[in-house]
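Data first, discussion second: the structure below is written as structure tokens.
The values are calculated or read from the model by the stated rules, or taken from the named source; none is laboratory data. A quick note: this is a predicted structure, and the numbers were derived from the prediction, not measured. Cβ: placed from backbone, ideal geometry, glycine included. Neighbour counts: every protein chain shown.
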Amino acid sequence: MRGNLIIISAPSGTGKTTILKRLFTLVKGVTFSVSHTTRSPRSGEQHGVDYYFVDQQTFLGMRTGNEFLEWAEVHGNYYGTSRAEVNRHLARGLDVLLDIDVQGARQVRQTAGGDCFSIFIAPPSWEELTLRLTGRGTDSPETIRLRLDNAIKEMQDAGLYDYLIVNDTVDQAVDTLRSIIIAQRCRARRNSDGLPLLLPDCEHRPL
């Protein structure tokens, strides 16, 4: 039984990474699709764990070869999701989370159609998003302004997603995301751990 393909999108600074890390400690049978990117690694990021860090020539070659389920250019860098990696995980019955932006989400919806569902994570307010971005201390004022400008455009796509989560508190956002995933598994006749549900054999019930 194939797993679910789950699109997760959120403006930068919304807390998506924190939510997903917490989710993985609570929900079995979920895996993360590691994207390819041309941007440089941030402090603590590992190749093959956080991203596959490649140069632009390599990325463009993969794009020409139709190796990406989706790809996008964000903040001057390229990001893409490998078709082969996603299909390998789905075939094993794992639910695959695609941590992608709204551009990539549009592409996956077009390609996968009803074989995926999507979740948009939004900040509780514009002021809180600004505070979170400036409080990280990792980006220049110009980069922060670019991320805020992009957030305006990204949140205009929120209505296209199947589910909306407002990250007011991390615990509540994680609980909501977990509930959505379990509900989708039930629709596919799978239990909360993602395993196939077996119905009782009524033909051999005791009289």
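Can you tell me which residues in the stretch 1-26 are of a type outside the set (A, V, I, L, M) and assigned to a loop (DSSP other than H, G, I, E, B)? Write out each step before concluding.
Start the filter on the stretch 1-26 by keeping residues that are of a type outside the set (A, V, I, L, M), which leaves 2-4, 9, 11-18, 21-22, 24-25.
ARG2, GLY3, ASN4, PRO11, SER12, GLY13, THR14, GLY15, listed by residue number.
For the stretch 41-55, the criterion of being part of a helix (DSSP H, G or I) and either more than 30 Å from THR169 (Cα to Cα) or among the β-branched types (Val, Ile, Thr) (or both) is satisfied by no residue at all. ARG178 satisfies every condition listed in (1) at pLDDT below 85; (2) among the charged types (D, E, K, R); (3) under 18 Å from ASP99 (Cα atoms) except (1).
Kindly indicate whether SER35 is surrounded by 12 or more Cβ atoms within 10 Å (Cβ to Cβ) and modelled with pLDDT of 90 or more. In short, no.
Quick one: which of THR81, THR58 is among the β-branched types (Val, Ile, Thr) and either at positive phi or over 20 Å from the mean Cα position of the chain (by Cα) (or both)?
On the way: THR81 fails: either at positive phi or over 20 Å from the mean Cα position of the chain (by Cα) (or both).
Of the residues listed, the single one that is among the β-branched types (Val, Ile, Thr) and either at positive phi or over 20 Å from the mean Cα position of the chain (by Cα) (or both) is THR58.
Taking every residue in the stretch 148-163 that is closer than 18 Å to ARG132 by Cβ and touching a residue at least 24 places away in the same chain (Cβ under 8 Å) and pairing it with any residue that is aliphatic (A, V, I, L, M) and assigned to a helix (DSSP H, G or I), at least 6 positions away or on another chain, the pairs with Cβ-Cβ distances below 7 Å are ALA151/LEU129; GLU154/VAL102.
Among what's in the stretch 47-100 and is of a type in the set (D, E, K, R), in contact with a helix residue (DSSP H, G or I) (Cβ under 7 Å, 6 or more places away or on another chain) and in contact (Cβ under 8 Å) with a residue 60 or more places away in the chain, pick the residue that is nearest to ARG147 (Cα to Cα). Can you show your working first?
First pass over the stretch 47-100, keeping only residues of a type in the set (D, E, K, R): 50, 55, 63, 67, 70, 73, 83, 85, 88, 92, 95, 99.
Now drop any that are not in contact with a helix residue (DSSP H, G or I) (Cβ under 7 Å, 6 or more places away or on another chain), which leaves 67, 70, 95, 99.
From the residues that got through so far, the ones that are in contact (Cβ under 8 Å) with a residue 60 or more places away in the chain too are 95, 99.
On the way: ASP95: 29, ASP99: 17 Å.
Restricting to residues being of a type in the set (D, E, K, R), in contact with a helix residue (DSSP H, G or I) (Cβ under 7 Å, 6 or more places away or on another chain) and in contact (Cβ under 8 Å) with a residue 60 or more places away in the chain, the top hit is ASP99.
Of all residues in the stretch 82-108, which are surrounded by fewer than 22 Cβ atoms within 10 Å (Cβ to Cβ), under 20 Å from GLN156 (Cβ atoms) and at pLDDT 90 or above? Listed by number, the residues that qualify are ARG106, GLN107, VAL108. State which residue pairs qualify: first residue in a loop (DSSP other than H, G, I, E, B) and modelled with pLDDT of 80 or more and inside the stretch 188-207, second residue surrounded by 11 or more Cβ atoms within 10 Å (Cβ to Cβ) and of a type in the set (Val, Ile, Thr) in any location, beta carbons under 7 Å apart, and separation of 6 or more residues or different chains. Sorted first by the residue in the stretch 188-207, then by its partner, the pairs are SER192/ILE182.
Could you check the stretch 133-157 and list, in sequence order, the residues that are closer than 22 Å to ALA173 by Cβ and either buried (at least 16 other Cβ atoms within 10 Å of the Cβ) or among the aromatic types (Phe, Trp, Tyr) (or both)? Result: LEU133, ARG147, LEU148, ASN150, ALA151, GLU154, MET155, ASP157.
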